[in-house]
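Each remark here refers to the structure printed beneath this line.
The values are calculated or read from the model by the stated rules, or taken from the named source; none is laboratory data. Just so you know, these numbers come straight off a predicted model, no measurement behind them. Here the Cβ positions follow ideal geometry from the backbone for every residue, glycine too, while neighbour counts run over all protein chains shown. Surface areas here come from the heavy atoms of the whole protein model, side chains and all, with no ligands, DNA or RNA. Shrake-Rupley method; radii C 1.70, N 1.55, O 1.52, S 1.80 Å.
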Amino acid sequence: MSKFYVVGIGPGHPDYLLPKARKLIDGADVIIGGKRNIESIGIGQQTCVYITADLSLIKEYIDAHRTQKRIVMIVSGDSGFYSMLSFVRRHYDEAAFEVVPGISSMQYMFSAIKQPWQDAFVGSVHGREADVAHLVLNNHLTGLLTDYKNTPAVIAESLKGQGTFRIYVGERLSYEDERITIGVPDEIAEKDFDTLSVVIVENMDWEV
């Protein structure tokens, strides 16, 4: 049992948790993850280890227990899209862990607005600086994960006067109180949204 698992749990609602992920979670001795994520999936008698800002504690726990216990680390959305996988790869050889994909919030959002996304730029402004106007002007579709600083309203404000855009904002995706707002920059810039939203900007001047 020296191998542990990094498992994507989807956008949030249990309906979007893949069967393999469910099987690994149910068979685990230990679940590592954010408190909200652990609460969202429903667990039995497994030990829960919550991820905090001090990631060294997670490594110490895995190192101390992975030979005796079945450990599953759960991450929001897809395991390879802005998740703990980058941390895991920095500290462990590839033979030490297995990665199980999930449905990302970005993937879900493109489905919700009924748009193909094979040609879209997707990224994150969560804790990052980015020239959003440059990205949007150079792509037909741009998908971004937001945070408390780089909010949908801030993104919309930066696009005013830059061209013709349609902005989609997804909040609480996959949950019962999901909300998707569609508008132009002037409209979106005046609204308040959840801190962790998904924004897709469609460049209406783009020649397909």
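Of LEU196, LEU55, LEU159, the residue with the greatest mean-square motion in the GNM of the chain, using alpha carbon springs below 10 Å, is LEU55.
Please report the carbon-and-sulfur percent of the accessible area for the chain; probe 1.4 Å, protein heavy atoms only, DNA, RNA and ligands left out. Of all accessible area on the chain, carbon and sulfur atoms account for 49 percent.
The Cα-based radius of gyration and maximum Cα-Cα distance (Dmax) for the range 150-198 are 10.8, 35 Å. Counting only residues at least eight positions apart within a chain, or on another chain, the lysines with an alpha carbon under 17 Å from that of LYS59 are LYS3, LYS69.
Is the shape of the chain best called rounded, prolate or oblate, per the rule: a/c under 1.5 gives rounded, else a/b larger than b/c gives prolate, else oblate, with a ≥ b ≥ c the square roots of the Cα gyration tensor eigenvalues? Here the chain falls in the prolate category.
Bridges between two residues of the chain, per DSSP, are antiparallel at a rate of about 45%.
Counting Lys and Arg as +1 and Asp and Glu as -1 over every other residue whose Cβ lies under 12 Å from the Cβ of VAL198, the net charge comes to -2.
What does the charge count near LYS59 come to, summing +1 for each Lys or Arg and -1 for each Asp or Glu among other residues with Cβ under 12 Å from its Cβ? Counting the neighbours of LYS59, the net charge comes to -1.
The range 85-105 and the range 144-194 have Cα centres separated by 30 Å. Using a probe of 1.4 Å, the accessible surface attributed to ARG166 totals some 90 Å² when neighbouring protein chains are kept in position.
Round to the nearest 0.05 the FRET efficiency obtained for ARG22 and HIS126 when R0 = 30 Å and r is the Cβ-Cβ distance. Efficiency computed from Cβ-Cβ geometry: 0.65.
In summary, the lysines within cross-link reach of LYS160, defined as a Cα separation below 24 angstrom excluding same-chain residues under 8 places away, comprise LYS149, LYS191. For the options MET84, MET73, MET106, a Gaussian network treatment of the chain with springs between C-alpha atoms closer than 10 Å singles out MET84 as fluctuating the most. At the residue level, LYS191 shows approximately 90 square angstrom of accessible surface with a 1.4 angstrom probe and all protein chains present. When the square roots of the Cα gyration tensor eigenvalues are ordered a ≥ b ≥ c, the ratio a/c for the range 11-101 is under 1.5, which makes its shape rounded.
Counting only Cα atoms, the range 96-208 measures 49, 31, 28 Å along its principal axes, largest extent leading. One decimal place: the segment TYR175-GLN118 gains 18.0 nm when fully extended, by the rule 0.36 nm per residue minus the C-alpha distance. A 1.4 Å probe run over the protein chains yields, for the range 27-133, 53 Å² of accessible area per residue, whole-number rounding.
Accessible surface of THR195, taken over heavy atoms with a 1.4 Å probe and every protein chain present, rounds to 70 Å².
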